[in-house]
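Scroll down for the structure; my scribbles are underneath it.
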Amino acid sequence: MTEFFKQPLEAKKVYSMIPGNLQGYGQHFVVSENQKLDWADLFCLVLRPVDSRDMKFWPSHPPSFRNSIDRYSSEAAKLVSCLLKFLAMDMGVEPESFLEIFRGQPQRMRMTYYPPCRQADKVVGLSPHTDRMGLTLLLQANDVQGLQIRKDGKWVAVNALDGAFIINVGDTLEILSNGRYKSIEHRAMVHPTRDRISAAVFHAVCRDATVGPLPELVKNDGEARYKSMSYMEFVKGFFAAKLGGRGHVESLKNS
Ligand SMILES: O=C(O)CCC(=O)C(=O)O
Ligand SMILES: [Fe+2]
């Protein structure tokens, strides 16, 4: 990953994002020529289901890249199904049927390279957002900190432990859990003299799933705190809303 980003721009541009496809090398949510861009380069890949991989975006350099990402993907998927099982037990729902919602373990990866910026306080590495999917495994690839979460309206720095994953709850999981778990708003800041690299692996529900509070939980809680919709409708709403922060998940709450 680090070696990929270190290459000259021309080598990376071979894998440039194509409009309408969120895979490849490029930048986050470029919606207008006048927009202030995040101080980061992204590289995104669809990893699972395995047959949905588009190998034209998978770099052939460094030579170990494809194999490393493939192994990383299957280990991440194993870890996440374990975590989902624990979450099901914690919520008191049937683990098997909960895992069924994540059938095939749809998985995407976003690698982010944040170059240093001498006026680091004037830029944002990755703008405030929540992760749209279920669970995110986030790894900070070097020892430069930069992740912040919004807690009680204030930005709090997260000091990642070396080599440990940060697990983020995304919008989908907040909704499925009927609000038991909260999708955390977060952003990334940049360092004045050092570069930073992170890798996020996002885990989504399967394409035919319903995004809505689990029926068992609605029964228990006596109310559905969020609207229910098909996963496709949910994704469309996310991109149409362009709300940023917790905007989209808040808009899906039942008042
Ligand atoms: O770089 C980070 O620490 C955050 C990355 C992130 O939030 C994301 O890729 O969604
Ligand atoms: Fe994120």
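Out of Arg246, Arg225, Arg196, one residue alone is within 16 Å of ligand 1 (Cβ to nearest atom), crowded, with 16+ Cβ neighbours inside 10 Å, closer than 28 Å to Val93 by Cβ and of a type in the set (D, E, K, R). It is Arg246. Listed conditions (1) modelled with pLDDT under 95; (2) part of a loop (DSSP other than H, G, I, E, B); (3) buried (at least 16 other Cβ atoms within 10 Å of the Cβ) are all met by Gly237, apart from (2).
This table checks each residue for (1) part of a loop (DSSP other than H, G, I, E, B); (2) at pLDDT 95 or above; (3) over 20 Å from the mean Cα position of the chain (by Cα); (4) not aliphatic (A, V, I, L, M).
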site	(1), (2), (3), (4)
Phe5	no, no, no, yes
Leu22	yes, no, no, no
Phe29	yes, no, no, yes
Asn34	yes, no, yes, yes
Asp38	yes, no, no, yes
Leu45	no, yes, no, no
Leu79	no, yes, no, no
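Of the residues making up the stretch 100-130, those that are more than 9 Å from ligand 1 (Cβ to nearest atom) and among the aromatic types (Phe, Trp, Tyr) are Phe102, Tyr113. Only residues that are under 21 Å from Ile197 (Cβ atoms) and within 15 Å of the chain's Cα centre (by Cα) were counted in the stretch 136-169, giving 12. Annotation: of all residues in the stretch 177-226 being within 22 Å of the chain's Cα centre (by Cα) and basic (Lys, Arg), the one that is nearest to Ile69 (Cα to Cα) is Arg196.
Looking at the stretch 129-219, the strands (runs of 3 or more DSSP E) lying wholly inside it that each contain 1 or more residues that are within 25 Å of Asp38 (Cα to Cα) and of a type in the set (Lys, Arg) sit at 147-151, 154-157, 186-188, 196-203.
Inclusion of Pro128 among residues that are surrounded by fewer than 20 Cβ atoms within 10 Å (Cβ to Cβ), touching a strand residue (DSSP E or B) at 6+ places or on another chain (Cβ under 8 Å) and touching a residue at least 24 places away in the same chain (Cβ under 8 Å) is warranted. Of all residues in the stretch 98-125, exactly one satisfies the criterion of being open to solvent by less than 20 Å² (accessible area, probe 1.4 Å), touching an Asp or Glu at 6+ places or on another chain (Cβ under 7 Å) and either in a loop (DSSP other than H, G, I, E, B) or at pLDDT below 90 (or both), namely Gly125. Please determine whether any residue of the stretch 50-59 is at pLDDT below 95, within 15 Å of ligand 2 (Cβ to nearest atom), under 20 Å from the mean Cα position of the chain (by Cα) and not basic (Lys, Arg). No, there is no match, as no residue in the stretch 50-59 is at pLDDT below 95, within 15 Å of ligand 2 (Cβ to nearest atom), under 20 Å from the mean Cα position of the chain (by Cα) and not basic (Lys, Arg).
The values are calculated or read from the model by the stated rules, or taken from the named source; none is laboratory data. In this text the structure is predicted, and so the values were computed from the model without any measurement. Reconstructed Cβ throughout: ideal geometry from the backbone, glycine too, with neighbour counts over all protein chains shown. Note: accessible area is taken over every heavy atom of the protein model, side chains too, but ligands, DNA and RNA are not part of it. Shrake-Rupley method; radii C 1.70, N 1.55, O 1.52, S 1.80 Å.
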